[in-house]
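Everything on this sheet refers to the single structure shown next.
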Amino acid sequence: MAKDEIKTPFKLVGTRVPRPDGLDKVTGRARYGADFSAPGMLFGAVVRSPHAHARIRKIDASKALALAGVKAVVTRADFPTGLEGEKWNLQDNAMAGDVAFYDGHAVAAVAATSALLAKDAAKLIEVDYEILPHVTDVDEAMKPDAPVIRAGAADYSVPEGMPPNVVRYLDFGHGDLEAGFAAADLVRERTYKTEATHQGYIEPHACVGQLGADGKGEMWVTTQGQWYVRWMCAAVLGLDAAQLRVTPSEIGGGFGGKTTVFMEPLSLALSRKAGGKPVKIVMDRSEVLRATGPTASASMDVKLGMTKDGTITAARAEFRMQGGAYTGLSPVGEALQCAFAPYKLPAVSHIGYEVLANRPKAAAYRAPGSPMGAFAAESLIDEMCRELGLDPIEVRLKNAVTEGDKSSYGPTFKSIGLKEVLAATQAHPNYAVPLGPNQGRGVATGFWFNYNGDTSVSMAIAEDGTAQVAVGTPDIGGSRASLGLMVAETLGIPYEHVRVNVVETGALGVNEPSHGSRATFASGKAAVLATQEAIGEMCRRAAAEWGIDPEAVEWVDGAAQPSGPNAGKFPPMPIAEIAGNMSATGGPICGHWQGLPEGVGASFGTHVVDVEVDPETGKTTVLRYLVVQDAGRAIHPSYVEGQYQGGAAQGIGWALNEEYVYGTDGRLQNPIFLDYRIPVASDLPMIDTVIVEVPNPGHPFGVRGVGETGIAPPLPAIANAIAAATGARLRHLPMTPPKVLAAIRAGADG
Amino acid sequence: MSKIHVSATVNGDPVEFLADPRETLLDCLRDHLDLTGSKEGCGTGDCGACSVLLDGRLVCSCLVLGVEAEGKRVETIEGMAEPGGELHPLQRKFIEHAALQCGFCTPGILVASKALLARNPDPTEEEVRYWLAGNLCRCTGYDKIVRAVMDAAADLRGAA
């Protein structure tokens, strides 16, 4: 059923209202990271290592400092020492110490009175490098004789005798694996590889940082999480977090890549050294690609057992991932947890290795790990379905998890909508469209946990009965609209009467970023609970006016009213009247909620893609694309569809075009958008969507979170479609025309 | 390096600025004229976020030098709505169709779309997709953008 035909008890939730920031964003008024300026502002530029791995012998900034207008140069010597764990990782990644660990690693930074002058000065900073042996490929990095990136970096989980670049080891599962494989009619084991990709947000990182000798500072920055920027900058620079005030700008895309810091601490260090003048740093695109946080590259073995009727009897995964030169950043754990999450498995085993390599420090990228896990697991399931002559959706339905099932990664599922998603996919007309020559259809399912995270939201009733909401989760794709809808619905007032403000760190308690598909779930739930607190106060004000028990007052359609005939006979007291009298009846009316919102609801999605492969060039054209996903509840259906479509497009890029290409010198070969080619409008068809709603009982309106699941299925779905079209099975992304052509020819040759 | 005096017309208004010969038109719009609606996403002409019209021709302002604007007419996103604030149909349709998520590519796509509709008032879906192939959007998958442009085109044809 089309989303707009689903009947709900809601007046506003589920409607397609204009977003409150729409006017600013279509007129060019919205201020993003690079659009902010401050009086007396200087401009920063960063000197970056041209080598994949090099010892820094000496840095000489004297020529730069001799230029008129150059105000400060900073190196690692300007940062505190003695940091440990992730704090050290962040500091060392922001500014290299004795060793540069990747092409693009920052080694010095300069501030000057103009951006051009800062760039000129950066070129005059002389760095003497001793080049060290490097390794960028995950399988190469795992060899016992690979160049050692950081000796002693392994954590407690790594058993004795592992290769030196293995820094984390995972081993989890349940059931009798051998018995499971013995019960299968077909057992297959394959190896898959995915290359590193970048989130590819169009807005480069940008900030203006200001820090005085008194340790007080401010920052204006494009980020998914202003409190993360605050604690990270404070940690890297040894500041008191509460003395740093971080204001988020509008954000030009993040997809996980703006949940950490890169050059932000450098602007503060430069500012402090330049007498407290604000310093603006804006990355260019090659800096973004070389030196921010792409996702990991992966090498994966998967083994599955299946009976003739399609029952999966056992599953084993062994994944190897590199996430750069620092520990804890590759999403190998999440990849393993997501790989088999859609299926009820009697026996499953997961083994994971995190490996260091001379690449930039990985950051989160939309459903971190899930796309790689899905590519490996869903490709093999499809291959086995074809071998056994089974329908891929029937097989998924047969093995699909439902409420009460133990998940592949441990916990027991609460209410979930996978079977509903699969049924809706099977019923969709796209699944029955006849295909022509060289065309094939692929199906795959994906999973994301969804997430809550630390959340603090305040709301207040204005003097005229309108409402303001202060949230800490930056609006990347319409969350102000969805939050406004939920608050207006709860208050019973028009949507236009609510203003949702994304606020700076001084205005609320700690909030985690807009990540993990949490903004509409967590800030939404907190906003509703805060609103209910304000409603309780308004009911008390009305009760006092009427001289009745507050318990005898209820809130209906934007007004307080006696809850029944016994409570007393009074006409409803509307919000505007209560608000207008607030000063005389007890002062401001506010609501607040803080905490960790319980009740996260996981989500599943299934994609169907039709492709045509040119047998002469190997070029794959996406003809038709369908996303079916359980939203729990779509608060604003247009922005839910937008998340589905955007996730699919990123996954299509990952499947067909995008990859980090390193030369034998360890340098990134494609650090511009011409060569790191994300999908353009002419690469894609319309992306059809079906919003399935199996409400999450843990959220007042049933929200699960919709941002992330959609990037996982495209990788295997397209591989499965290419296999259907050509008979060639590609197990190494991206599936570029030369690779597809080679696979077709290898198949034809034998 | 000494700066060069440039006189141009931006969104109908006469402007003057001093440009370093190395500065792009985008730099000059943003840094000298405070017109920050045009965005830099790549600096290499690949993303289209800096799209403006220069004497009526659609260009990436990151690939034009500021000094090249001398005596020319520049139209940016800030000049797209009527002076009184009434939105261009493209702007209205982008809000109505939820054709933006983060909104960073939106100014460039609106300017490019306006240039398309000026020369082709009735484009097919394929024509819209190929015309906008120089404007990257990472959020939307282009679906709602293409629909908004086609709907705006229909609107403009109806009004004409």
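The values are calculated or read from the model by the stated rules, or taken from the named source; none is laboratory data. On a predicted model such as this, the values are computed, not experimentally measured, just so you know. Glycine gets a Cβ as well: all are built from the backbone with ideal geometry, and neighbour counts include every protein chain shown. All accessible areas refer to the heavy atoms of the entire protein, side chains included, with ligands and DNA or RNA removed. Shrake-Rupley method; radii C 1.70, N 1.55, O 1.52, S 1.80 Å.
Descriptive notes on the structure:
- Number of residues in segment A:300-342 that are over 22 Å from A:HIS105 (Cβ atoms) and either aliphatic (A, V, I, L, M) or surrounded by fewer than 24 Cβ atoms within 10 Å (Cβ to Cβ) (or both): the value is 26.
- Single condition A:LYS58 does not satisfy, out of (1) in contact with a helix residue (DSSP H, G or I) (Cβ under 6 Å, 6 or more places away or on another chain); (2) assigned to a strand (DSSP E or B); (3) loosely packed, with under 15 Cβ neighbours inside 10 Å: (1)
- Test set (1) within 7 Å of chain A (Cβ to nearest Cβ); (2) in contact (Cβ under 8 Å) with a residue 40 or more places away in the chain; (3) part of a helix (DSSP H, G or I); (4) not basic (Lys, Arg) - B:TYR130 fails condition number: (2)
- Qualifying residue in segment B:5-14 (condition: in contact with a strand residue (DSSP E or B) (Cβ under 9 Å, 6 or more places away or on another chain), more than 11 Å from every other protein chain (Cβ to nearest Cβ), of a type in the set (D, E, K, R) and outside any loop (DSSP other than H, G, I, E, B)): no
- Segment B:92-127, residues that are hydrophobic (A, V, I, L, M, F, W, C), at the interface with another protein chain (Cβ under 7 Å from one of its Cβ atoms) and either on the phi > 0 side of the Ramachandran plot or part of a helix (DSSP H, G or I) (or both): B:PHE94, B:ILE95, B:ALA98, B:LEU110
- Of all residues in segment A:677-691, those that are assigned to a loop (DSSP other than H, G, I, E, B) and either more than 23 Å from the chain's Cα centre (by Cα) or outside the structural domain of A:GLN426 (by TED's automatic domain parsing) (or both) total 2.
- In segment A:158-201, the residues that are among the hydroxyl-bearing types (Ser, Thr, Tyr), out of contact with any helix residue (DSSP H, G or I) (no Cβ under 7 Å at 6 or more places or on another chain) and not in a strand (DSSP E or B): A:TYR201
- Comparison of A:LEU626, A:LEU674 shows that the only residue that is outside the structural domain of A:ARG480 (by TED's automatic domain parsing) and buried (at least 23 other Cβ atoms within 10 Å of the Cβ) is A:LEU626.
- Annotation: B:PRO89 fulfils all but one of (1) within 16 Å of the chain's Cα centre (by Cα); (2) more than 18 Å from B:SER38 (Cα to Cα); (3) within 7 Å of chain A (Cβ to nearest Cβ); (4) not hydroxyl-bearing (Ser, Thr, Tyr); the unmet one is (3).
- Candidates are the residues of segment A:638-667 that are among the polar types (S, T, N, Q) and not in a helix (DSSP H, G or I); the one that is nearest to the other protein chains (Cβ to nearest Cβ) is A:ASN657.
Listed here are the residues, each with its yes/no results for (1) of a type in the set (Gly, Ala, Ser); (2) touching a Gly at 6+ places or on another chain (Cβ under 6 Å); (3) over 29 Å from A:GLY200 (Cβ atoms).
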residue	(1), (2), (3)
B:HIS5	no, no, yes
B:PRO21	no, no, yes
B:LEU26	no, no, no
B:GLY66	yes, no, no
B:PHE94	no, no, no
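- Long-range neighbours under 6 Å by Cβ, at least six apart or interchain, first residue facing chain A (nearest Cβ under 7 Å) and closer than 15 Å to A:ARG285 by Cα within segment B:17-46, second of a type outside the set (Gly, Ala, Ser) and open to solvent by 30 Å² or more (accessible area, probe 1.4 Å): B:GLY43/A:ASP284; B:THR44/A:ILE672; B:ASP46/A:LEU674
- Residues located in segment A:419-449, provided they are within 20 Å of A:MET306 (Cα to Cα) and not basic (Lys, Arg): A:LEU422, A:GLY442, A:VAL443, A:ALA444, A:THR445, A:GLY446
- Residue ID - nearest to A:ASN165 (Cα to Cα), chosen from residues in segment A:113-143 that are among the β-branched types (Val, Ile, Thr) and part of a strand (DSSP E or B): A:ILE131
- B:LEU136 being out of contact with any helix residue (DSSP H, G or I) (no Cβ under 8 Å at 6 or more places or on another chain) and within 11 Å of chain A (Cβ to nearest Cβ): yes
- Qualifying residues in segment A:185-201 (those that are in contact with a strand residue (DSSP E or B) (Cβ under 6 Å, 6 or more places away or on another chain) and open to solvent by less than 10 Å² (accessible area, probe 1.4 Å)) - the one nearest to B:THR140 (Cα to Cα): A:ALA196
- Restricting segment A:202-253 to residues that are part of a loop (DSSP other than H, G, I, E, B) and of a type in the set (Asp, Glu), the residue that is surrounded by the most Cβ atoms within 10 Å (Cβ to Cβ): A:GLU203
- Test: residue in segment A:142-159 that is open to solvent by less than 50 Å² (accessible area, probe 1.4 Å), without any contact (Cβ under 8 Å) to a residue 12 or more places away in the chain and over 30 Å from A:ALA61 (Cα atoms): yes
- Any hit, segment A:257-266, residues being touching a residue at least 24 places away in the same chain (Cβ under 8 Å), within 14 Å of chain B (Cβ to nearest Cβ) and either in a loop (DSSP other than H, G, I, E, B) or open to solvent by less than 10 Å² (accessible area, probe 1.4 Å) (or both): yes
- Of all residues in segment A:477-494, those being farther than 11 Å from A:ASP21 by Cα and within 14 Å of chain B (Cβ to nearest Cβ) number 2.
- When the residues of segment B:1-34 are filtered to those that are basic (Lys, Arg) and closer than 24 Å to A:TYR32 by Cβ, the one that is surrounded by the fewest Cβ atoms within 10 Å (Cβ to Cβ) is B:ARG22.
- Test set (1) out of contact with any helix residue (DSSP H, G or I) (no Cβ under 9 Å at 6 or more places or on another chain); (2) surrounded by 24 or more Cβ atoms within 10 Å (Cβ to Cβ); (3) not hydrophobic (A, V, I, L, M, F, W, C) - A:ASP284 fails condition number: (2)
Here is a yes/no grid of residues against (1) touching a Lys or Arg at 6+ places or on another chain (Cβ under 8 Å); (2) more than 26 Å from A:ARG290 (Cβ to Cβ):
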site	(1), (2)
A:PRO20	yes, yes
A:VAL47	no, no
A:ILE59	no, no
A:ALA68	no, yes
A:THR75	no, no
A:TRP88	no, no
A:ASN93	yes, no
A:ASP98	yes, no
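- 2 or more residues in contact with a helix residue (DSSP H, G or I) (Cβ under 9 Å, 6 or more places away or on another chain) and touching a residue at least 60 places away in the same chain (Cβ under 8 Å): qualifying strands (runs of 3 or more DSSP E) within segment A:466-583: A:467-471, A:498-502
- Test: residue in segment A:99-108 that is open to solvent by 20 Å² or more (accessible area, probe 1.4 Å) and either in contact with a Gly (Cβ under 7 Å, 6 or more places away or on another chain) or not in a strand (DSSP E or B) (or both): no
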